[in-house]
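The values are calculated or read from the model by the stated rules, or taken from the named source; none is laboratory data. Quantities reported herein were computed from a predicted structural model and do not represent experimental measurements. Note: ideal-geometry Cβ built from the backbone for every residue, glycine included; neighbour counts use all protein chains shown. When the accessible area is computed, the model is the full protein with side chains, heavy atoms only, and any ligands, DNA or RNA have been set aside. Shrake-Rupley method; radii C 1.70, N 1.55, O 1.52, S 1.80 Å.
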Amino acid sequence: MSTYTPRLQTPVRHIMRLALALSAGAALSLGVTRFAYGLLLPPMRSDLGWTYTLAGAMNTVNALGYLLGALLTPRLLERLGAARVLMVGAVLATLFMGLSGFFTATTPLLVQRLLAGVASALVFIAGGLLAARLGALQPARGGLLIGLYYGGTGFGIALSAVLVPTVLDRASASPHGWAWAWWALAAVCCALTTSLWWPARVLRQLVPEATAGDVPTVVFHWRGFAFALAGYAMFGVGYIGYMTFVIALLSEQGASGPAVTVFYALLGLAVLASSRIWAGLLDRYKGGQVLALLNFLLGVATVLPALTAYWPVVLASGLLFGGVFLSLVASTTALVRHNLPQAAWGAGISAFTIVFAAGQIVGPTMVGWIADGPGGLARGLVFSACALWLGAVLAWRQRAL
């Protein structure tokens with residue numbers, strides 16, 4: 001009997017608790033390691049004299065690291081298993097976040113963002129694979145379980161939204177006070193890493209790794225997923241511009257510190273709620289329909305702050321963006337789960353992560369370059385929205401295999 005055989009006798013409540021605990025991986029890898037930088041960008045740019053192009057490059061190299069990590073992960077999954085890769089990545093991400101507070105020169109900061117990107121990819125892909133395997137234990141709740149994992153990003157975003165402004169305010173009299181925020185975020189990563197130990201240990205027993213003799217080798221064929229992969233790459237280009245620069249845009253528009261905190265916290269809470277909002281669609285549709293719909297909605301959310309500074313519309317943008325963007329990531333895992341045998345899930349998730357990372361490499365620097373010219377950050381977000389709408393058109397053409 002294959003070691004991948006679902007253990008249907010596992011209590012539903014226990015599986016739900018494991019999915020929630022596992023979501024700490026998404027909180028660490030994206031919610032904190034990736035997206036908290038958007039809160040630190042304005043004070044770091046002001047203190048260090050950065051252009052928007054350089055500020056965007058910090059997230060571009062982070063995305064490059066994410067791409068390198070995505071390329072490494074399939075081999076590491078074969079050698080170490082998903083649970084070990086998850087824990088190794090979490091420890092490394094915590095280390096690199098803490099080190100970012102010790103430098104002011106551009107080159108070492110770029111290196112730290114690169115290495116943090118590598119580590120976050122290990123965590124995110126391994127956690128997504130474990131979440132997909134949990135979904136196999138309860139196929140009727142597969143979309144919800146995957147959504148719960150990715151929704152953990154919202155917890156990381158909301159926590160960062162409260163923590164970073166508080167630390168920045170208390171350290172405002174210190175030279176390079178933003179460094180204290182990096183160290184506080186590293187402490188959060190340490191706590192999240194500790195909380196991952198339980199689900200990693202349990203899942204190694206509940207859904208053991210397949211060995212070469214347990215399952216046949218399955219090759220992931222990129223051509224069959226070409227439209228979904230292209231649409232997901234455009235998502236990478238578009239969404240990261242919003243997450244990198246929206247706080248800077250709100251600051252330019254005159255939003256107060258508490259208002260920015262409310263905006264970012266609500267965005268994070270919307271991510272948490274999104275796992276239930278879209279779970280039914282993730283289970284029902286096996287082609288690119290959900291990916292297309294969510295790309296379109298994300299484009300709407302992205303363009304709104306570029307068109308108006310009217311606060312209710314800006315808040316609606318944050319809520320819509322938060323309610324959509326991680327479910328879009330979950331939709332690709334659901335697509336892989338619906339269309340591939342379980343032995344190929346790791347390769348499929350890694351393939352989507354690779355094109356996602358490639359898109360993220362382009363997005364921040366391109367938006368930063370546009371923002372340094374006429375039209376500023378608003379024009380940069382219009383570019384991001386157009387990339388997302390192109391992604392919607394491409395994903396709509398993806399059919400179930």
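Using a ≥ b ≥ c from the Cα gyration tensor of the stretch 263-332 (square roots of the eigenvalues), is it rounded, prolate or oblate, where a/c under 1.5 gives rounded and otherwise the larger of a/b and b/c decides, a/b for prolate? Oblate, because a/c is 1.5 or more while a/b does not exceed b/c. Counting only protein heavy atoms and a 1.4 Å probe, the chain has 37 square angstrom of accessible area per residue. Just check the stretch 345-401 against the gyration tensor rule for me: Cα atoms, a ≥ b ≥ c as the square roots of the eigenvalues, rounded for a/c under 1.5, and otherwise prolate or oblate depending on whether a/b exceeds b/c. Verdict is oblate for the stretch 345-401.
For residue 310 and residue 75 in the same chain, what is the full-extension length gain: residue separation times 0.36 nm, less their Cα-Cα distance, in nm?
Values: separation 235, 0.36 × 235 = 84.60 nm, distance 4.87 nm.
Length difference between fully extended and current span is 79.7 nm.
Quote the FRET efficiency, to the nearest 0.05, computed for residue 369 versus residue 226 with a Förster distance R0 of 35 Å and r equal to the Cβ-Cβ distance. FRET efficiency, residue 369 to residue 226: 0.75. Normalised by 2.2 N^0.38 Å, with N the number of residues, the alpha-carbon radius of gyration of the stretch 221-264 equals 1.76. Compared with the dominant Cα axis of the chain, that is its longest principal axis, helix 311-339 is turned about 30°. Between 122, 335, 109, the Gaussian network model of the chain with springs among Cα atoms under 10 angstrom shows the greatest mean-square fluctuation at 109.
Please work out whether the stretch 215-290 counts as rounded, prolate or oblate from its C-alpha gyration tensor, where a ≥ b ≥ c are the square roots of the eigenvalues and a/c under 1.5 means rounded, while otherwise a/b larger than b/c means prolate and anything else oblate?
On the way: a/c = 3.29, a/b = 2.01, b/c = 1.64.
Cα axes put the stretch 215-290 in the prolate bin.
About the Cα centre of the chain, how large is the charge dipole given +1 on each Lys and Arg Cβ and -1 on each Asp and Glu Cβ? Please answer in debye to the nearest 20.
Working: 22 positive and 8 negative charges, 207 e Å.
So the magnitude is around 1000 debye.
When the accessible area of the stretch 295-401 is split by element with a 1.4 Å probe, what percent falls to carbon and sulfur?
Numbers: 2690 of 3660 Å².
Of all accessible area on the stretch 295-401, carbon and sulfur atoms account for 74 percent.
May I ask you to give the percent of accessible area on the stretch 15-140 that is carbon plus sulfur, with a probe radius of 1.4 Å?
Details: 2600 of 3760 Å².
Carbon with sulfur: 69 percent of the solvent-accessible area.
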